[in-house]
Amino acid sequence: MRRDYILEVKNLAVRLGNVSVIDNLSFKVKRGEILTIVGPNGAGKTVLLRTLLGFLPHQGEINWQKGVKIGYLPQGLTFLKVRDLPLSVKEFFLLKTKNENKIQRCLSLVGLPDKEIYTKRIGDLSGGQFQRMLIAWALINEPQVLLFDEPTTGVDIGGAKTIYSLLFNCWKEYNLTIILVTHDLNIVYKYSTNVLCLNKDRFCYGPPQNILTPEALKRIYGPEIKFYKHQH
Amino acid sequence: MSSLVLSLVSGISIGGLAAYLGTLMLQKRMSLVAGPLGHLTLPGVALALLYGFDVSIGAFPFVILGIILIWLLELRTKLPPEALTAIIFASGVAIAFLFLPLKQAEVALVGDITRVNLIDTIVSVIVCFVLFLVIRKIFPQMILINISEDLAKVEGVDIKKYNFLYLLAIGIIVSLGVKLVGSLLTAALVAIPSAAARNLSKNLHSYTLLAPIFGIISAVSGILVYYFTKLPAGPIIILINTLIFVISAIFKRKP
């Protein structure tokens with residue numbers, strides 16, 4: 001494998017029970033790239049991420065660069081699961097690292113520098129604060145690759161913008177490679193190096209200018225989709 | 001050494017540790033699991049009482065056997081575990097009452113901590129101490145697994161291994177708990193102190209500190225009440241736990 005590819009996927013096929021979710025999928029991710037994965041609900045986006053992480057049985061090849069450090073935020077890691085947990089922000093980070101200076105640096109980076117937040121119960125954070133905290137949590141052990149599954153679930157539009165620009169800053173700061181599942185096509189257009197559209201066993205792959213054309217989107221999402229290219 | 005001191009030492013270690021493990025079980029919504037597991041220790045407790053050995057030693061193999069049977073039957077029948085648990089634990093109770101003279105039934109059902117001798121106590125304290133270290137070691141990983149199994153896997157947590165250690169800990173605690181409060185009431189030993197502690201806690205530190213404190217207060221006061229009134233210690237321990245819970249519910253922090 002050439003060194004500048006951090007991930008190579010060849011002829012990947014995933015079946016869940018008797019249903020083929022992903023079939024004959026191939027793509028490569030370069031170091032420093034932002035790859036976004038788009039597609040309608042049920043297209044297999046989350047399945048793909050979980051397969052890349054080695055959680056699901058598959059056919060074909062998934063080759064990560066040797067020794068690469070991966071950070072991951074699963075979908076729907078929302079309040080529901082942690083709301084009732086008597087767990088402070090500090091304690092949540094201590095599950096991952098014992099270095100408290102690092103924790104505070106990381107929280108400052110995502111705009112949560114207050115001491116007050118540090119000792120707050122996770123369930124008492126606002127939706128946006130919670131999501132930013134998760135990004136800090138994913139970054140704390142300095143992974144080279146970040147896998148994000150819809151990081152703005154449960155955050156309003158303004159909040160989502162903040163999350164994405166934050167993610168983009170972290171990408172620059174840490175020289176990250178990001179694989180991102182999102183529904184927000186504007187974000188895809190603005191930040192992605194490459195886009196992978198999934199819909200059952202069909203897929204398309206390439207830079208967003210080539211992929212996010214009205215015709216291609218119709219093929220993937222159906223005729224109702226509307227998307228306008230931003231004029232920069 | 002006086003039997004009061006031995007009872008207190010056993011009660012403190014078992015009550016405290018059961019409450020500590022209970023904090024994990026409450027998070028995993030498994031507080032009630034200790035109930036049926038406690039019931040199915042009954043044949044073992046019956047044997048121990050008939051032949052005069054430590055009830056926890058009698059109980060332990062039956063808990064483990066029960067867990068394995070439930071697991072095997074689930075694989076085979078695909079019935080929900082709660083249905084299988086009901087079958088297994090009711091059978092355990094039925095078998096025990098075929099053999100157990102009624103006189104000893106009360107001890108089996110609600111425990112009698114005042115029967116412990118020096119060796120029992122030493123064994124309990126050592127087992128509790130080792131188990132405390134194990135639970136403390138697996139605690140962060142168990143919390144992470146509880147938040148998201150995928151998240152735990154990415155962090156390199158071997159979920160099967162941790163769940164196995166956790167189940168084993170439950171088995172041991174139930175066996176020890178039988179000695180303190182009997183087969184009927186073991187669930188309360190893990191469930192109530194942790195529930196009370198959660199009412200009053202906004203972080204893990206106070207949660208995992210308060211629960212054992214409540215467990216220990218209940219065990220000590222239950223045994224002391226027995227000493228002065230001869231009311232059975234097991235039920236008193238549970239009722240003091242309940243009292244603490246009610247007080248905690250009154251003082252519960254507003255969200």
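The values are calculated or read from the model by the stated rules, or taken from the named source; none is laboratory data. Predicted model only: the values in this text are computed from it and were never measured. We place every Cβ from the backbone using ideal geometry, glycine too, and count neighbours over all the protein chains shown. Accessible surface is based on the protein model in full, side chains and every heavy atom, while ligands, DNA and RNA are left aside. Shrake-Rupley method; radii C 1.70, N 1.55, O 1.52, S 1.80 Å.
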(request) Within a 10 angstrom radius of each residue's Cβ in A:90-103, how many Cβ atoms of other chains show up on average? Whole number is fine. (result) 2
(request) Mind checking which aspartates and glutamates have their Cα closer than 18 Å to the Cα of residue B:160? Skip sequence neighbours fewer than 8 apart in that chain. (result) B:74, B:149, B:150
(request) Select from B:194, B:148, B:218 the residue whose mean-square fluctuation is largest in a Gaussian network model of chain B (Cα-Cα springs shorter than 10 Å). (result) B:148
(request) Determine the alpha carbon to alpha carbon distance for each of A:28/A:115; A:10/A:190; A:66/A:98; A:45/A:66; B:153/B:179; A:10/A:90 and list only those over 32 Å. (result) A:28/A:115; B:153/B:179; A:10/A:90
(request) Would you be so kind as to identify all helices of chain B, as entire DSSP H runs, whose Cα atoms reach 24 Å or more along the helix's own axis and whose mean Kyte-Doolittle hydropathy is at least -1.0? (result) B:3-27, B:55-77, B:81-99, B:118-147, B:159-181, B:204-229, B:233-250
(message) Mean-square fluctuation check for chain B, GNM, Cα pairs under 10 Å: which of B:93, B:190, B:225 is largest?
(response) B:225
(request) Let me have the relative contact order for segment B:3-246, percent, based on Cα pairs under 8 Å that are six or more residues apart. (result) 36 percent
(request) Among DSSP beta bridges lying fully in the protein assembly as shown, give the percent that are antiparallel, nearest 5. (result) 55 percent
(request) Roll a 1.4 angstrom probe over the protein heavy atoms and tell me the percent of accessible area of chain A that is carbon or sulfur. (result) 48 percent
(request) Please work out the ratio of the alpha-carbon Rg of segment A:108-170 to 2.2 N^0.38 Å and round it to two decimals. (result) 1.08
(request) Go through segment B:22-129 and name the trypsin sites (Lys or Arg not before Pro) that are in a DSSP coil and have 13 or fewer other Cβ atoms within 10 Å of their Cβ. (result) B:29, B:78
(request) Taking only Cα atoms and a 10 Å spring cutoff, compute GNM fluctuations for chain A and point out the largest among A:21, A:68, A:47. (result) A:68
(request) Run a plain Debye calculation on the protein assembly as shown (Cα atoms as equal point scatterers, no solvent) and give log10 I(q)/I(0) at q = 0.07, 0.09 Å⁻¹, rounded to two decimals, same order as the q list. (result) -0.49, -0.73
(request) With runs of 4+ DSSP H residues as the only contributors, calculate the mean residue ellipticity of chain B at 222 nm using -39,500 (n - 2.57) per run, divided by the residue total and rounded to the nearest 500. (result) -28000 deg cm²/dmol
(message) Taking loop as defined by DSSP and a crowding limit of 14 other beta carbons within 10 Å, which trypsin sites (Lys or Arg not before Pro) in segment B:160-255 fit?
(response) B:230, B:252, B:253
(request) Can you check what the Kirkwood hydrodynamic radius comes to for segment B:3-246, Cα pairs only, in Å to one decimal? (result) 18.0 Å
(request) Return one quarter of the surface area of the convex hull spanned by the alpha-carbon atoms of chain A, equal to its mean projected area, in nm². (result) 13.7 nm²
(message) If you average the alpha carbon positions of segment B:107-150 and of segment A:31-71, how far apart do those two centres end up, in angstrom?
(response) 40 Å
(request) Excluding residues fewer than 8 places away in the same chain, name every one of the aspartates and glutamates whose C-alpha is closer than 19 Å to that of residue A:161. (result) A:149, A:150, A:173, A:184
